[in-house]
Amino acid sequence: MWPWGHLAVAYVLYSIAVHRQFGRSPRAVPTIALAIGSQTPDLIDKPLAWNFGVLPGGRTFAHSLFVVAFLVPVVIVVADRLDGRMVGAAFLAGYCLHLLADVPPAFFSGTFEAAAFLLWPVLEQPPEAPVAGIFDAILHYYELGTYEWVQFGLFAVAIVAWYLDGMPGLGLVRTSLERRLGVGS
């Protein structure tokens, strides 16, 4: 799944959950944590596999449920100590939804080895075409088929939902960038 597909899945499901649980739109800082969490597995695995050859594939270490089993309690403890439980929960939601979104449809029709990456290193990484870095992946590895167009559609839905939610996080990011870059003051 492309980065915007992961972000879209995470935001739409998180927004629905927040609306149902709290009767309001998502808040800025948890939304930013959600966005970061939704990209983290690929930000770790893909460079380590494609650019540095440390991992056997782009869905191994950070995509493993063993890492999630370690990550969840660590994030919860740190978030509690920093009085940021919602931020930690949003990061974990984004991270876990990333893994769920990477499970191919074939898994749900009985091809369980399609999700073997979730149990790496106990189960071997499913074979993937060699990639000579992130730019090669963008240019050659991915195709624009039905699955990718569905992701674009889902991303459009997520943008509309985010807009209707008041664009949580945008103001905070903008203010932070203006402060750091010295513009707007």
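What to note about this one:
- With at most 15 neighbouring Cβ atoms within 10 Å, loop GluC sites (Glu not before Pro) (DSSP) excluded, longest segment of the chain: 1-123
- With the simple spin-label model, which puts each label point 7 Å out from Cα in the Cβ direction, the residue 24 to residue 52 separation comes to 4.0 nm.
- Loop-located trypsin sites (Lys or Arg not before Pro) across the range 1-59 with a Cβ neighbour count of 15 or fewer within 10 Å are 24, with loop assigned by DSSP.
- Normalised alpha carbon radius of gyration of the range 3-181 [divisor 2.2 N^0.38 Å]: 1.09
- For the range 62-90, backbone nitrogen atoms closer than 18 Å to the point 7 Å from residue 122 Cα along Cα-to-C-beta are found at 62-73.
- Shape metrics for the range 21-60, restricted to C-alpha atoms - Rg then Dmax, Å: 15.0, 46
- Approximating the spin labels as points 7 Å out from Cα along Cα→Cβ, the residue 173-to-residue 112 distance works out to 4.0 nm.
Bear in mind that the values in this text are calculations on the coordinates, not laboratory data. Just so we're clear, the structure is a prediction, and the values are computed from it rather than from any experiment. Virtual Cβ from ideal backbone geometry, glycine too; neighbours counted across all protein chains shown.
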